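Notes for the one structure printed next.
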Amino acid sequence: MRDQVIAWLSENVSDHRLQHILGVEQMSIQLAKQHGIDPHKAGVAGLMHDLAKFFPPTQLLQMAQEEGLEIDPICQTNPHLLHADVSAIVAREEFGIKDEEILTAIKNHTLGSPAMCPLSCILFVADALEPNRGNTPELELMRQVSWENLYKSVRQTCDFSLKYLLNTHKTIHPRTILTRNWALETTRNLAK
């Protein structure tokens, strides 16, 4: 099925985005092995996380509405944020993915979610840290943390995203803040 998905992606995303997706797939597999999570599931989630990345805003909104998803005012104004949820729909409808853990990881890869399962944490982190994102000292340090402490890595990824959104004057979805606070608290509890 991997070849089928890559062929579909080649028709529906840019070459640059496809390279990112393949990087997320590989990093997800590596992180899954490191943290004792099913690497096959992680690879599938990584490969399919951005299926709807280039769908137009009207299509994202329409598919989310047809699925019965709650569309909050921030997503209504910024439909691009729905690409994660819609990618899960495409994974299910186009490629027959029925595994709820994989579908949930795809849904959570952009904004995160409090109390994410480890597979969702892996995809969330891999999406931000895969090698094609660059090799700044900050990213390299964050990658190192991702091998050692998944929840601390989720918190750092949220912080990194929040800094970017603040610096570029973009809208911040509250779910990212809730995810950050959950990961921070989880890390503290595990350290006790």
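The values are calculated or read from the model by the stated rules, or taken from the named source; none is laboratory data. Every value quoted in this text rests on a predicted model; they were computed, and no experiment measured them. When we count neighbours, we look across all protein chains shown, and the Cβ atoms used for this are built from the backbone with ideal geometry, even at glycine. Accessible surface is based on the protein model in full, side chains and every heavy atom, while ligands, DNA and RNA are left aside. Shrake-Rupley method; radii C 1.70, N 1.55, O 1.52, S 1.80 Å.
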Where Lys and Arg each count +1 and Asp and Glu each count -1, what net charge lies around E67 among other residues with Cβ under 13 Å from its Cβ? -2
A chain fully extended from Q34 to A7 at 0.36 nm per residue, minus the present Cα-Cα distance, gains in nm 6.8 nm
With the cut-off at 27 Å, tell me which of the pairs K107/K170; K98/K163; K33/K170; K107/K152; K107/K163; K33/K163 have Cα atoms farther apart than that. K98/K163; K33/K170; K33/K163
Compute the relative contact order of region 17-162 as a whole-number percentage, counting only Cα pairs closer than 8 Å that sit 6 or more residues apart in sequence. 26
Roll a 1.4 Å probe over the protein chains and send me the accessible area per residue for region 83-192 in Å². 48
Amide N proximity, region 162-192 versus H80 label position 7 Å along Cα-to-Cβ, cut-off under 11 Å: 170-171
Leaving out ligands, DNA and RNA, what percent of the accessible area of the chain is carbon and sulfur, probe 1.4 Å? 53
Quick one: grab Rg to one decimal and Dmax as a whole number for region 151-192, Cα atoms only, in Å. 11.0, 37
Cα centroids of region 131-192 and region 13-54: how far apart, whole angstrom? 18
Would you mind counting up the charge near E130? Only other residues with Cβ under 10 Å from its Cβ, with Lys and Arg at +1 and Asp and Glu at -1. 0
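For N189 and L139 in the same chain, what is the full-extension length gain: residue separation times 0.36 nm, less their Cα-Cα distance, in nm?
Length gained between N189 and L139: 15.5 nm.
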Sticking with the crude label model, points 7 Å out along Cα→Cβ, report the distance from N132 to I177 in nm, one decimal please. 3.2
At 7 Å along the Cα-to-beta-carbon direction for both E101 and E148, put a label point, then send me their distance in nm to one decimal. 2.7
DSSP loop (so not H, G, I, E, B), at most 14 other Cβ within 10 Å: list which trypsin sites (Lys or Arg not before Pro) in region 74-139 pass both filters. K98
